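The values are calculated or read from the model by the stated rules, or taken from the named source; none is laboratory data. Source: prediction; values computed, not measured. FYI the Cβ positions are ideal-geometry reconstructions off the backbone, even for glycines, and counts take in every protein chain you see.
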Amino acid sequence: MTDAAAALRAEWTKARTVPDLPLAILLALVGTTSVNVLTGQPSAGLQLGQAVIAVAGVQILAGEYSTGLIHPTMLAFPTRWPALLAKAVLLIPGAAVTAIGNRPRDAVYLGLIALLGLGTAALIRNAVTAAGVVLTVLFVLPTMVRWMPDPDWATFLYRASPSPGHLATTAAWTAAALLLGTITLLTRRVS
Amino acid sequence: MIRAELTKLRTVRGWLFGLTAAVVLFVGSALLVAAGSHMSCGDQACPAPPVGPDGQAVEDHFGFAHRTLAGDGSLTAHVRDFSGIITYPPPRHDQIVEGLVPWAKAGLVIKDGTRPGSPYAAVMLTGSHGVRMQHDYVHDRAGGPTGARWLRLTRTGASVTAYASLDGKTWTTVGTVEMSGPAEIGFLIASPGDITVTENGLGGTSVQSRFTQASAVFDQITSTAGGEWRYDEVGGGGPGADWEKYHRPAGLEASAGRLTLTGSGDLAPVSGMAAVPYLAGTVPALLAVLIVAVLFITSEFRRGLIRTTLLASPARGHVLAAKAAVIGGVTFTVVLVAVVAARAWSTTVFRANGNIVLPTGALTDLRLAVGTAALLAVTAVLAYGLGVLLRRGLPAILLAVLLTVVPYLLATTSLLPPGAGEWLLRVTPAAGFAVQQTFPAYGHVLLPYTPAQGYFPLAPLAGLAIAAAWALGLLVLAVLRFRRADV
């Protein structure tokens, strides 16, 4: 378990010293709160916040692939999973903070969305493509509901899209992304 | 320079894959939605709605008491009584109440026979919009003194003029339209369904229409056309509502200079039916395009290729413009091909499933195809501009999605109150989606003209112009910054 503790410490140092994550959390917090206040609809701000949080989840890992930092990280933790675990542990409270002022379940939701981003990044590696895929799942699936002619299809698609109202569905998406992402991380060459 | 950029776009495997994905997503979504649309009316194909003189699919269903009008002539009458019922209106939808829907119609009409979809000109009293002159389903104008109950319709040569009056002595002209040929002249009664909008529990809304019926008593009738008043329910022949079976059937009662006409329906462009859903794949394709457009510039920064590019052609503004032209032009072409393929293919599937393909008109089809291609091209340039400004892919793609897809999503679902949603579709680059509105909104047809139903607050070209202004503005900012920046 010392590996995990060391990884957590390493990740904490990175998160503290590179502005990406603090900036994303600040942006998500300010965006969510201001949209909530402007519209009076707590769910509207969450739409904005989840986009930022998802991209932060992608960046924390995919950013390492684009800068090459992934190599020292993987050298330090040859079993690889501690690094991923440490990133996940850091992301969850960061994401949950964004939901201050919303319902507690929204904090859980944002945590899941951050992990969805992390899992997708582990799977796809290219930051922009991974972000595009996550944003597609978050925003494009719901826009397709209105095109569905058959009420059964529409209901299925609605239930299958991650949303603050469907924590179980969201968790399933996150679990799938993390599972595939972890397998990729453990089995594929780093670059 | 453009050739160099084209070569880059063509040879990077990921970008080519992204553009292919955009086409596949566009066509695939259209096919999927078309394949899921089924319509059946018992064992046979559903009857297509009639087509009006202007080429739109129309509803032409009303009670018609008529005589033949050979040449010139006129008809004058006083509307003694105008009343009706509405079945199960909001809020509780639990009883049948007396009343008229806003566009219930009672009045005089000259029509080219009783064939549904034929031309007509009419002057009428409406439920709550006063006296109107309407013709050929899509044209509507208000007129006459407030509270007028006297109506007159005259034909002289090829023109039909409508008048209204408070007392039957002094007459005010409501309007004149052209209409010639043999015709039937007489009385009309119509009452469109009562429209209510409910949230459907899927983040969207659904529209319901409930049966209504109107009844009018006409007296003090003066007609130059002779003969009996013959009654036809134009466009009727359906099974009839329970109310008609058990309480009051549609029809005509004549007695001592009085005509009582009872009926339902409307003379209006068809509403509440979907066109072929071939634009269903716009948002998925848009996302693929956004990714390619952002990567098209940010990977030059990341890999340092931008230095080589600028060595080869040091005019920085020109380089940026050439790249913008390439990403915009390629997106436009690719999406145009996708729209044409999606339209042809999904129309076949849509029709094979028994759906009615509503006529939209060649100009509208052209606008939808070229407009959708332009919308995606403009949005691609916008994303590219963000990429130049921010230089990093992630914030650029995030901002691009937040500016385009998210406002569209918020406005077309019930996440925001409708007013806020429409406001988003006026000021954000998502305004460009207005170019995809298939049918115009008609003032004389009561419907929820909301983004969720495919109606946008801006005119198609105005919306596209807003999106283009965003793209151009960001591009100019990017050029200004890039000229002075270090690479």
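Of all residue pairs spaced 6 or more apart or on separate chains, those with beta-carbon atoms under 7 Å, a first member in the stretch B:156-169 that is within 24 Å of residue B:71 (Cα to Cα) and a second member that is part of a strand (DSSP E or B) and small (Gly, Ala, Ser) are B:160/B:121; B:162/B:175. Selection of the stretch A:37-72 for residues being β-branched (Val, Ile, Thr) and modelled with pLDDT under 90 yields A:37, A:39, A:67, A:70.
Please verify whether residue B:268 is within 14 Å of chain A (Cβ to nearest Cβ), surrounded by 13 or more Cβ atoms within 10 Å (Cβ to Cβ) and under 19 Å from residue B:449 (Cβ atoms), treating the condition exactly as stated. For residue B:268, the condition - within 14 Å of chain A (Cβ to nearest Cβ), surrounded by 13 or more Cβ atoms within 10 Å (Cβ to Cβ) and under 19 Å from residue B:449 (Cβ atoms) - is not met.
So, residue B:214, is that one surrounded by 14 or more Cβ atoms within 10 Å (Cβ to Cβ) and not in a strand (DSSP E or B) or not? Against the criterion (surrounded by 14 or more Cβ atoms within 10 Å (Cβ to Cβ) and not in a strand (DSSP E or B)), residue B:214 does not qualify.
Picking from residues in the stretch B:251-265 that are assigned to a loop (DSSP other than H, G, I, E, B) and surrounded by fewer than 21 Cβ atoms within 10 Å (Cβ to Cβ), the one that is modelled with the highest pLDDT is B:257.
Taken over the stretch A:152-165, the criterion of being more than 16 Å from residue B:280 (Cα to Cα) and more than 7 Å from chain B (Cβ to nearest Cβ) is satisfied by A:152, A:156, A:159, A:160, A:161, A:162, A:163, A:164, A:165. With the requirement that a residue be at the interface with chain A (Cβ under 9 Å from one of its Cβ atoms) and modelled with pLDDT under 90, what does the stretch B:407-429 give you? B:409, B:410, B:412, B:413, B:415, B:416, B:417, B:420 - these are the residues of the stretch B:407-429 that are at the interface with chain A (Cβ under 9 Å from one of its Cβ atoms) and modelled with pLDDT under 90. Which residue is nearest to the other protein chains (Cβ to nearest Cβ), if the candidates are limited to the stretch A:123-151 and must be over 25 Å from residue A:44 (Cβ atoms), touching a residue at least 24 places away in the same chain (Cβ under 8 Å) and among the hydrophobic types (A, V, I, L, M, F, W, C)? The residue in question is A:127. Restricting B:456, B:433 to residues that are within 19 Å of residue B:373 (Cα to Cα), within 12 Å of chain A (Cβ to nearest Cβ) and buried (at least 22 other Cβ atoms within 10 Å of the Cβ) narrows the list to B:433.
In the condition set (1) in a helix (DSSP H, G or I); (2) buried (at least 20 other Cβ atoms within 10 Å of the Cβ), residue A:147 is compliant with all but (1). You will find that of B:390, B:409, B:399, B:403, the residue that is surrounded by 24 or more Cβ atoms within 10 Å (Cβ to Cβ) and within 19 Å of residue B:290 (Cα to Cα) is B:409 and no other.
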